[in-house]
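First comes the structure, then the notes that go with it.
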Amino acid sequence: MKTSGIHHITAIVNDPQVNVDFYSNVLGLRLVKKTVNFDRPEVYHLYFGNESGHPGTIITFFPWPKLPKGRIGTGQVGTTSYAIPVGSMDFWKNRLREQGISFTSDVRFNETYIEFEDPDGLKLEMVEREEGPENSWSTKGIPSKYAIKGFGGAILNSKQPNQTVDILENVLGMEFIAQENNYLRFQTQGSLGNRIDMKLSPSVRGLAGAGTIHHIAWRAKDDEEHSKWRELLEKKGYKPTEIKERHYFKAIYFYEPGGILFEIATDPPGFAVDEEPEKLGEELMLPSWLEAKRKKFEKTLPSIREE
Ligand code: ZN
């Protein structure tokens, strides 16, 4: 079995409005789902992606307004990489400048990246990529020919790089393709979220909190493959959770030996399961088992708006 790369990345932030303003208005992603954290429904769960919220494009957030800041370090995903169309780097540099967001440039594996932070301090970068379909969501002064396609990949800060390599290669079916300075690069099938870099130099120990990534989810193509992955993990001595119904996908979670929380999530059914494709993200959506408490959530959750 081989994953097709990143399904979604989930991070913790403070203010939901600041979060929407940045990912929707600055980066031009579509808010494809406004729901609550199914395990802690007093908090939103916001999903941003391309026009349909396709796997490989989805970044999701738990906004906890009063949660203390964490620290980015080992045992976490360190950086989220976005793939932008070839020829769009100057557009994005200008857009970040206009928004007062400072960035630096770096080259890794012969690719030029621009690196910056979101308002909560999450590390982001952009890289031009040929592969990956164009994002047809055109908004906020970002024509779709320049729009973020989805994830290019991510940088993993493992506490035990050698053991994390074993998971990437022998569980998720990725291929090691190159080493450069302090990074190993792995590639998967699929055209988005398909190049995973692992940092070899030790950094500080990560601390969970606002401004850090909570987990990274890998794609399973269907329920059958998902169950097989769970069996494989158990056979190899990992301790995956039971299969959880996340309404838009099914999920299993496990800590990989490098301390990073991994999830495997199914591609189906996707975000149009409870909303019309043209109305994604407009209303607060609740799974049936939380619907009875809708009034309470609508009263206690902070209101958020998209411009
Ligand atoms: Zn997840």
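The values are calculated or read from the model by the stated rules, or taken from the named source; none is laboratory data. Computed from a prediction, not measured in an experiment: that's the story for all the values here. When we count neighbours, we look across all protein chains shown, and the Cβ atoms used for this are built from the backbone with ideal geometry, even at glycine. These area figures cover heavy atoms from the full protein model, side chains too; ligands, DNA and RNA do not enter into them. Shrake-Rupley method; radii C 1.70, N 1.55, O 1.52, S 1.80 Å.
Structural remarks
- Taking the criterion of being touching a residue at least 60 places away in the same chain (Cβ under 8 Å), within 13 Å of the ligand (Cβ to nearest atom) and open to solvent by 30 Å² or more (accessible area, probe 1.4 Å), the only residue of the range 247-276 that qualifies is 247.
- Screening the range 196-217 for residues that are among the aliphatic types (A, V, I, L, M) and closer than 14 Å to residue 262 by Cα and picking the one that is nearest to the ligand (Cβ to nearest atom) gives 217.
- Across the range 199-219, the number of residues qualifying as basic (Lys, Arg) and either touching a Cys at 6+ places or on another chain (Cβ under 8 Å) or crowded, with 21+ Cβ neighbours inside 10 Å (or both) comes to 1.
- The combined condition, being within 16 Å of the ligand (Cβ to nearest atom), over 17 Å from the mean Cα position of the chain (by Cα), β-branched (Val, Ile, Thr) and open to solvent by 10 Å² or more (accessible area, probe 1.4 Å), is not fulfilled by residue 177.
- Identity of the residue in the range 287-301, over 23 Å from residue 9 (Cβ atoms) and either of a type in the set (Phe, Trp, Tyr) or part of a loop (DSSP other than H, G, I, E, B) (or both), that ends up modelled with the lowest pLDDT: 289
- Within the range 1-116, strands (runs of 3 or more DSSP E) holding 3 or more residues that are within 16 Å of the ligand (Cβ to nearest atom) and under 18 Å from the mean Cα position of the chain (by Cα): 6-13, 30-36, 44-49, 58-63, 76-85
- The residue that is farthest from residue 75 (Cα to Cα), among those in the range 142-168 that are in a loop (DSSP other than H, G, I, E, B) and in contact (Cβ under 8 Å) with a residue 24 or more places away in the chain, is 145.
- Looking across the range 69-98, just one residue is small (Gly, Ala, Ser), closer than 9 Å to residue 206 by Cβ and surrounded by fewer than 18 Cβ atoms within 10 Å (Cβ to Cβ), and that is 73.
- In the range 99-126, the residues that are hydroxyl-bearing (Ser, Thr, Tyr) and either under 18 Å from residue 182 (Cα atoms) or open to solvent by less than 50 Å² (accessible area, probe 1.4 Å) (or both): 105, 112, 113
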